[in-house]
Amino acid sequence: MPEGHSVHRIARQFALHFVGKKVTVTSPQGRFAGDAQKIDGHAMIAAKAVGKQMFLEFDNGLWLRVHLGMYGAWDFAGDFTADATTASANGRMGQTNQRGTVEGSVIVDSRGEDSLASMGAPRVTRLRMSESEKLEPGSYTFPPEPIGAVRVRLLTEDTVGDLRGPTACEVITAHEVQADIDRLGPDPLVDPLKKGEERFVAAVRKKSTPIGLLLMDQTVVSGIGNVYRAELLFRARLDPHTPGKDVPEETVRALWKDWTKLLKIGVQTGQMLTMDGLSKTQYAAALANREDRHWVYHRTGLPCRVCGTPIVMEIVASRKLYYCPVDQK
């Protein structure tokens with residue numbers, strides 16, 4: 001499932017290439033046809049992410065809310081930027097150039113080429129954004145034919161975004177957007193940091209629910225999924241079974257600060273990179289391979305990187321929880 005950093009990166013893609021432009025909205029699959037008509041032909045005026053949810057505002061007062069869930073993904077084609085988070089004032093830093101090399105600080109495993117600007121011109125490379133990001137080389141005519149069951153297509157004169165497999169995709173009012181946001185826990189990239197920290201501490205410290213479950217509760221804190229949950233708890237050397245009310249306040253505050261740090265790294269790099277103190281070689285390996293990126297996530301039975309004890313995996317609330325039984329006791 002895409003975690004908070006991925007959704008923020010997708011929102012920035014929309015802010016850079018769709019906001020300020022009239023958007024043709026369709027539903028190739030047909031399931032979104034009614035809502036698509038409500039915003040079709042209107043200009044997008046804002047794009048924002050809160051935790052795992054994204055909200056796109058249109059000039060008629062309506063918003064498109066998207067939650068990717070377990071299987072959702074956006075495919076971008078046409079004029080897009082491989083890394084919207086490194087865009088400069090003119091909006092072009094960090095994109096692939098027409099020789100297929102990567103400029104700026106884009107961190108991807110694949111090579112691609114930038115697209116041309118005119119409608120109907122031959123293009124190369126698509127960008128898929130979900131839990132991970134992948135440049136998919138290949139020639140097509142713009143706009144390309146939809147691939148698979150596309151729930152909604154957002155098309156400007158030079159960029160297209162296709163959404164497939166979301167948990168939620170709906171057109172709602174500004175009042176409904178605010179109601180949705182009010183139900184969410186704080187997001188370090190949205191809420192004032194001190195206010196967000198106080199909300200997080202208060203929510204954790206009043207509950208007897210294990211901290212390993214609280215970090216996944218989007219009403220307690222926004223954006224944390226299975227990967228960040230496991231890694232944050234290990235970095236804090238915290239037993240995931242500890243009731244929230246029994247976690248020392250200073251540890252809860254440290255969790256918030258560490259989540260803020262890791263979220264910013266994730267948005268910047270496009271990777272859930274959770275290991276510190278890496279050499280240049282180790283850092284490059286971590287960006288390229290998940291196996292070199294995490295302390296405990298997806299490392300069942302492998303030796304803990306600190307003490308050598310085999311990492312444990314157990315099922316908690318239908319999700320896999322990874323931890324070191326020695327360093328996190």
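Read-outs throughout are calculated quantities, based only on the coordinates presented, and are distinct from any laboratory measurement. Owing to the predicted nature of the structure, the values given are computational and were not obtained by experimental measurement. Cβ coordinates were reconstructed from backbone atoms using ideal geometry, including for glycine residues, and neighbour counts include every protein chain displayed.
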**Q.** Within segment 152-230, GluC sites (Glu not before Pro) in DSSP loop having at most 16 other beta-carbon neighbours inside 10 Å
**A.** Glu157
Q. Which of Arg229, Arg199, Arg183 moves most in a GNM of the chain, Cα contacts under 10 Å?
A. Arg183
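Only sites in a loop by DSSP and with at most 13 other Cβ atoms within 10 Å count here; which trypsin sites (Lys or Arg not before Pro) in segment 1-72 make the cut? Don't jump to the answer; show the numbers that get you there.
Numbers: sites: Arg9, Arg12, Lys21, Lys22, Arg31, Lys38, Lys48, Lys52, Arg65; in loops: Lys21, Arg31, Lys52.
Passing sites in segment 1-72 do not exist.
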(Q) Which of Ile315, Ile265, Ile224 ends up with the largest GNM mean-square fluctuation for the chain, with Cα atoms connected below 10 Å? (A) Ile315
Q. Separation of segment 162-190 and segment 264-329 by C-alpha centroid, Å?
A. 29 Å
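So what is the relative contact order of segment 175-283, in percent, for Cα pairs below 8 Å that sit 6 or more residues apart? Let's see the in-between values first.
Values: 112 pairs, mean separation 29.6, N = 109.
This gives 27 percent for segment 175-283.
With charges set only on the Cβ (+1 for Lys and Arg, -1 for Asp and Glu), what does the dipole of segment 172-329 come to about its Cα centre, in debye to the nearest 20? Could you put the intermediate results ahead of the total?
Details: 23 positive and 19 negative charges, 55 e Å.
Rounded to the nearest 20 debye, it is 260 debye.
Past 26 Å, Cα to Cα, is the threshold; run Lys21/Lys195; Lys194/Lys264; Lys134/Lys194; Lys257/Lys320; Lys195/Lys280 against it and keep the listed order.
Values: Lys21/Lys195 34 Å; Lys194/Lys264 16 Å; Lys134/Lys194 35 Å; Lys257/Lys320 24 Å; Lys195/Lys280 36 Å.
Beyond 26 Å between Cα atoms: Lys21/Lys195; Lys134/Lys194; Lys195/Lys280.
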Q) Which shape class, rounded, prolate or oblate, goes with segment 186-323 when its Cα gyration tensor gives a ≥ b ≥ c as root eigenvalues, a/c under 1.5 marks rounded, and past that a/b bigger than b/c marks prolate? A) oblate
Q.
Whole-Hz ³J(HN,Hα) for each residue in segment 293-303, computed from phi via Karplus 6.51 cos²θ - 1.76 cosθ + 1.60 with θ = phi - 60°, x for glycine and proline: what do you get?
A. 10, 10, 6, 10, 4, 6, 10, 3, x, 7, x
Q.
Using only DSSP helix segments of four residues or longer, with each worth -39500 (n - 2.57), what per-residue ellipticity at 222 nm results for the chain after dividing by its residue count and rounding to 500?
A. -8000 deg cm²/dmol
Q) Taking the Cα centre of the chain as the origin and placing charges on Cβ (Lys, Arg +1; Asp, Glu -1), which of Gly161, Pro325, Asn289 is farthest toward the positive end of the dipole? A) Pro325
**Q.** Under 5 Å, built H, 5+ apart or other chain: amide partners of Lys21
**A.** Met44
